[in-house]
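Quick notes on the structure that follows.
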Amino acid sequence: MKYNPKTIEKKWQKHWYDSDCFEAKDFGEKPKYYALVEFPYPSGTGMHVGHIRAYTSLEVVSRKRRMEGYNVLFPIGFDAFGLPTENYAMQEKIHPRKVTDQNIEIFTDQLKRAGFSFDFSRMVDTTDKDYYKWTQWIFVQLFKNNLAYRHKTTVNFCPDCKVVLSNEESQGGKCDRCGESVVQKEKDVWFLKITEYAERLLKGLEELETLPRIKTEQKNWIGKSIGAEIRFGIADSNESLNVFTTRPDTLFGSTFMVIAPEHPLLEKESDKIENAKALKEYQKRAAQKTEFERTELQKDKSGLKLEGIEALHPLTGEKMPVFVADYVMMDYGTGAIMAVPGHDERDYEFAKTHGLSIVEVIEGGDIEKEAFTDVETGTLVNSDFLNGLDVQDAIDAMIDHLVKHDLGKKAVNYKMKDWAFNRQRYWGEPIPIVHCEDCGMVAVDEEDLPVTLPDIEDFAPNEEGESPLANIESFVHTTCPKCGRNAKRETDTMPQWAGSSWYFLRYIDPNNDKELANYHKLKYWLNVDWYNGGMEHVTRHVIYSRFWHQFLYDIGVVPTKEPYKKRTAQ
Ligand SMILES: [Zn+2]
Ligand SMILES: [Zn+2]
């Protein structure tokens, strides 16, 4: 008989899906096995070959485990909030809800035609209000535990699309979508305090079974460095500049300082600054650049010397010139750096350009010619009480000295910043917060969740770059959950990473309307035994979801400290 895929495959697929043979059994007698793949974004074009590739390896593992006698949970769902759907909806004048439903139907059909052995009875959709109710619930818990806060920051804004863009979406200062020049806009935005979990996110990696490369990527992303925070005084002033450095041993080689154009010192000491006009110009230019341009693109690390302000070297008391340069970012470390031109290429070039002194403090190079940067080891010179010590001992000795003389302290710094948790668009989870004139920011009562998206026709953000929800009076006006007076709803929505930060928990109990998932079911199925996904998600998504999971563990919602036992990348 000739193999006819149209009839034979259909016949058996129908048999599989009708007989529920891929359904996982809660509390089954057999040993459990939880295999997880990254759920797709249901785009209008349907599945592509990349999806098939991404799901096939664990498809094979799941089928093998079933044959080996395991009770296998191999679920699928849809990560369906986000811009592509919203933009398509705006273009075609169809509601994003409708677009999403259509796309999910297409995807589900295609997944079944490919013969995947997913448990379709546990399908989740992050845009379903019964799902995002719990995404909002988690946000409320984060808020109540002081892990969600608002903070003024500058954001990349496209005046044409009227949308706040990430650094990745605004490279070269142009909007990714329309090519318009991006401007910098000051805005109050939501953050999640992921930095509070930095240490635990690092520690949890020890138990994760994974390729060394995956661990390294996460470690680098978190970017822990140990060093010292050192205080530099300002001449004829009570102000000071704090600097974080991993190399306090090179302090005697520091000959000038560089601060970010947004540094608060500039405001505090403004009446002393003699070249205020030039400074204003410089700040204005810097404000138009994106972070990416300031830190990555810019080859020429120029800066503006502050006239009228000098720093004091904490050990020698010598006066040091202070420069303002836009490659120093206020959000990283302290927004100020001590320059050590003898041992840093950028500082060396800078010192040469501005005729500043260059001091060798670690022996071995020729600083007449170039910076000597091979300083992981080495011996200290020109450094008073550190002379003759090797680098490691010198670091310890310097920290001791700083602490003893109240000039600084031992400090840890992380490259990872708090998670900017907001979008000013319609198609996302509404942030469940109410702004009350008397009570401030108040979380929506848990029994009033979900805060659902109003059914509207116009999804365009307004001129201020506020979410379209801000234009909906009936959505905005509400009462304060605390005092009952008139109040306004938050109109920002959550970023796309929200729903995917806990979806693997919902698969375990997808229809629960009392809690995000039953604790005993979680206890039965967790941890995820094997999670396979894209290398590009190893940092953000995997770290974000580990953070939420660790937090949910802390408040007693999940029984395990970490979500995943093993993570691989296809
Ligand atoms: Zn644009
Ligand atoms: Zn109130």
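Since every read-out is calculated from the coordinates, none of them should be taken as a lab result. Because the structure is predicted, anything quoted here is derived from the model rather than measured. Quick reminder, even Gly has a Cβ in these numbers, built from the backbone with ideal geometry, and neighbours come from all protein chains shown.
In debye to the nearest 20, how big a dipole does the stretch 375-431 give about its Cα centre with +1 on each Lys and Arg Cβ and -1 on each Asp and Glu Cβ?
Computed about the Cα centre, the dipole is about 560 debye.
Using a Förster radius of 45 Å, what is the FRET efficiency between Y149 and K2 based on their Cβ-Cβ separation? Nearest 0.05, please. Mind dumping the intermediate values first?
Numbers: r = 66 Å, r/R0 = 1.46.
Using R0 = 45 Å, I get an efficiency of 0.10.
Can you compute the modelled spin-label distance between A278 and I106, with each label point 7 Å from Cα toward Cβ, in nm?
For A278 paired with I106, the spin-label model returns 5.9 nm.
Counting each DSSP H run of 4 or more residues in the chain as -39500 (n - 2.57), what helix-only mean residue ellipticity at 222 nm follows after dividing by all residues, to the nearest 500 deg cm²/dmol?
The helix-only estimate for the chain comes to -9000 deg cm²/dmol at 222 nm.
Compute the FRET efficiency between C439 and D130 as 1/(1 + (r/R0)^6), taking r as their Cβ-Cβ distance and R0 = 22 Å, and round to the nearest 0.05.
0.15
How much length would be gained if the chain were fully extended between E9 and E23, taking 0.36 nm per residue of separation minus their Cα-Cα distance, in nm to one decimal? Could you put the intermediate results ahead of the total?
On the way: separation 14, 0.36 × 14 = 5.04 nm, distance 1.96 nm.
My answer for the length gained is 3.1 nm.
Going through the stretch 430-535, which trypsin sites (Lys or Arg not before Pro) have at most 10 other Cβ atoms within 10 Å and a DSSP loop state?
Values: sites: K482, R485, K488, R489, R506, K514, K521, K523; in loops: K482, R485, K514.
Hits after loop and neighbour filter: K514.
Please list, in order, the residues from the stretch 446-483 whose amide nitrogen is less than 15 Å from a point placed 7 Å along the Cα→Cβ vector of K185.
Those under the cut-off are 460-471.
Just want the answer: with Cβ charges of +1 for Lys and Arg and -1 for Asp and Glu, which residue in T250, V324, G179 is farthest toward the dipole's positive end in the chain?
The residue sitting farthest along the positive end of the dipole is G179.
For the stretch 453-466, what does the Karplus curve 6.51 cos²θ - 1.76 cosθ + 1.60, with θ = phi - 60°, yield as ³J(HN,Hα) per residue in whole Hz, taken in order and with x for Gly and Pro?
For the stretch 453-466, the Karplus-derived couplings read 5, x, 7, 10, 10, 10, 9, 6, x, 7, 4, 7, x, 8 Hz, x marking Gly and Pro.
For E536 and D236, what does the FRET efficiency come to when R0 = 56 Å and r is the distance between their Cβ atoms, rounded to the nearest 0.05? Walk me through the intermediate numbers first.
On the way: r = 52 Å, r/R0 = 0.92.
Computed FRET efficiency for E536 and D236: 0.60.
If you fit an axis through the alpha-carbon atoms of helix 391-404 and take the longest principal axis of the Cα set of the chain, what angle between them do you get, 0 to 90°, nearest 10?
The helix 391-404 is inclined about 80 degrees to the chain.
Note the full-extension length gain between R63 and D406 as 0.36 nm times their separation in residues minus their Cα-Cα distance, in nm to one decimal.
Working: separation 343, 0.36 × 343 = 123.48 nm, distance 6.37 nm.
Contour length minus the Cα-Cα distance gives 117.1 nm.
Restricting to DSSP loop positions (anything but H, G, I, E, B) with no more than 14 other Cβ atoms inside 10 Å of their own Cβ, which trypsin sites (Lys or Arg not before Pro) remain in the stretch 320-398? Walk me through the numbers before you get to the answer.
Working: sites: R346, K352, K369; in loops: K369.
Answer by residue number: K369.
Round to the nearest 10 and give me the degree value, 0 to 90, for the angle of helix 212-222's Cα axis relative to the longest principal axis of the chain.
That helix lies at roughly 60 degrees to the long axis.
Please list, in chain and number order, the residues 5+ apart from R425 or on another chain whose amide H is under 5 Å from its amide H, with Hs placed from the backbone.
Hits under the 5 Å cutoff: T493.
Any idea which of T334, H405, Q288 is furthest toward the positive side of the dipole for the stretch 225-413, if Lys and Arg beta-carbons carry +1 and Asp and Glu beta-carbons -1?
Value computed over the given set: Q288.
Nearest 10 degrees is fine. How inclined is helix 276-288 to the longest principal axis of the chain, computing both from alpha carbons?
Rounded to the nearest ten degrees, it is 20.
Please report, in debye to the nearest 20, how large the charge dipole of the chain is about its Cα centre when each Lys and Arg carries +1 at its beta carbon and each Asp and Glu carries -1 there. Could the numbers behind the result be given before it?
On the way: 74 positive and 92 negative charges, 481 e Å.
Here the chain has a charge dipole of around 2320 debye.
For the stretch 314-388, which GluC sites (Glu not before Pro) are both in a DSSP coil and crowded by at most 15 other Cβ atoms within 10 Å? All intermediate terms of the calculation are to be shown ahead of the outcome.
Details: sites: E318, E345, E349, E360, E363, E368, E370, E376; in loops: E318, E360, E363, E368, E370, E376.
Taking the stretch 314-388 and a limit of 15 other Cβ atoms within 10 Å, the loop GluC sites (Glu not before Pro) found are E318, E363, E368, E370, E376.
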